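FYI, it's all coordinate maths here, none of it is from the lab. Because the structure is predicted, anything quoted here is derived from the model rather than measured. Neighbour counts are summed over all protein chains in view; Cβ atoms, including those assigned to glycine, are modelled from backbone coordinates with ideal geometry.
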Amino acid sequence: MFKPRAVIGNYVWADKNDNGIQDAGEPGFAGVVVTLFNGGIPVATAVTDANGGYLFPNVAPGNYTMTFTNLPTGVGFTIPDAGGNDNLDSDVLGVSITGIAVTTTTVNLSFDGGLNNAITLASSIEFTAYRKNITAELNWKISSAINEVKEFIVERSATGSNYATIASVPATNASTYKQIDLQPNAGINYYRIKIIYLSGAVKYSDVRVLNFNSKAAISVFPNPATDVINIQLPDSWQGKALSIDLINQAGQVVNSKSTKQASQVERLAVNQLPAGVYILRIQDSNGNVETNKIRVH
């Protein structure tokens, strides 16, 4: 039987108008390091993903503090507790959120941080990154000013702050492009696309984050999702009996499936769910559990 585990986390975003509220069109911010402390001792670390999300699954009961680091130079957090809606405001004071009480059944995805002076990146480019075994597949689509672009520089970083060029892709009349990174760094990889215009202007895509640690991870795409989520399973999870649950912020299972022999990709519908943040929980017959945070639009 599954034993309840506490899950906490949520979202860091670029607060364009510095009002402390998540407004439409304000993007998530990748690469922020979130550290969870219990009694002054660090017990877990997470990094905000390509959509600005982070998650601490399986948290033991106690009182915690979170700190947020690895911010770009000149970037800080906006005013906390604005607007009266805890799901949409910023909770970070200085670089920390304090007084986080956790019980065995806590599911709290309302710990958000809004960043001021964060560089909002090129809105005309859609950029996705997927882990495919030991390589990274990078896809992007430019939706405007196609004829004004000279080239795309694909950049990678191990820290989220110092980027190196891994490929240069000349712009053509096409609107979609793809690049494979054959040799990602071990561990966390940050990717972005540098857009060089004919005029000499430069813009950047949003940052995407992939983890190539030694243990193959479960990946979920698309995220955010509107119709169906695809759950890509590593070899170690394939062929097993699995239970897959989608859990809302109240801790309720809102959709689930079971499989006796899991395939490489399992799918779960989300088109009937209200927009919001959910926890995807995958458990095998031996009690091994993995969780991911999913946004439904």
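A compact table of results
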item: Simple spin-label estimate for Lys260 and Ile134 in nanometres, 7 Å along Cα-Cβ; result: 3.5
item: Cα coordinate range in the stretch 137-293, projected on the principal axes (Å, largest first); result: 56, 35, 26
item: Charged-residue dipole, Cβ positions (Lys, Arg, Asp, Glu), the chain about Cα centre, Debye nearest 20; result: 880
item: Once the Cα gyration tensor of the stretch 125-212 is diagonalised, semi-axes √(5λ) in Å; result: 23, 13, 10
item: Using a Förster distance of 22 Å, the FRET efficiency for Asn117-Tyr197 (Cβ separation, nearest 0.05); result: 0.40
item: Efficiency of FRET between Ser285 and Val47 - r from beta-carbon atoms, R0 45 angstrom, step 0.05; result: 0.90
item: Residues with amide H under 5 Å from that of Tyr204, placed H, sequence gap 5 or more; result: Ala122, Ile195
item: Given charges at Cβ of Lys, Arg, Asp, Glu: the chain dipole, positive-most of Ala14, Asn223, Gly99; result: Asn223
item: Pairwise label distance in nanometres, Gln249 with Thr226, each label 7 Å out on the Cα-Cβ vector; result: 2.2
item: Distance (nanometres) between label positions extended 7 Å along Cα→Cβ at Lys240 and Asn162; result: 3.8
item: Partner lysines for Lys132 [C-alpha distance under 30 Å; skip if fewer than 8 residues away on the same chain]; result: Lys141, Lys150, Lys178, Lys194, Lys203, Lys215, Lys240, Lys257, Lys260, Lys293
item: Rg/Rg_globular for the stretch 218-297, with Rg_globular taken as 2.2 N^0.38 Å and Rg from C-alpha atoms; result: 1.02
item: Share, in percent, of DSSP beta bridges within the stretch 219-296 that are antiparallel, nearest 5; result: 95
item: Lys/Arg +1, Asp/Glu -1 at C-beta; the chain dipole; positive extreme among Ile79, Ala30, Ser263; result: Ser263
item: Highest to lowest packing among 193-206, 264-277, 103-116, scored as the average C-beta count within 10 Å; result: 103-116, 193-206, 264-277
item: Kirkwood Rh, angstrom, the stretch 1-94 [1 / mean 1/r, Cα pairs]; result: 14.3
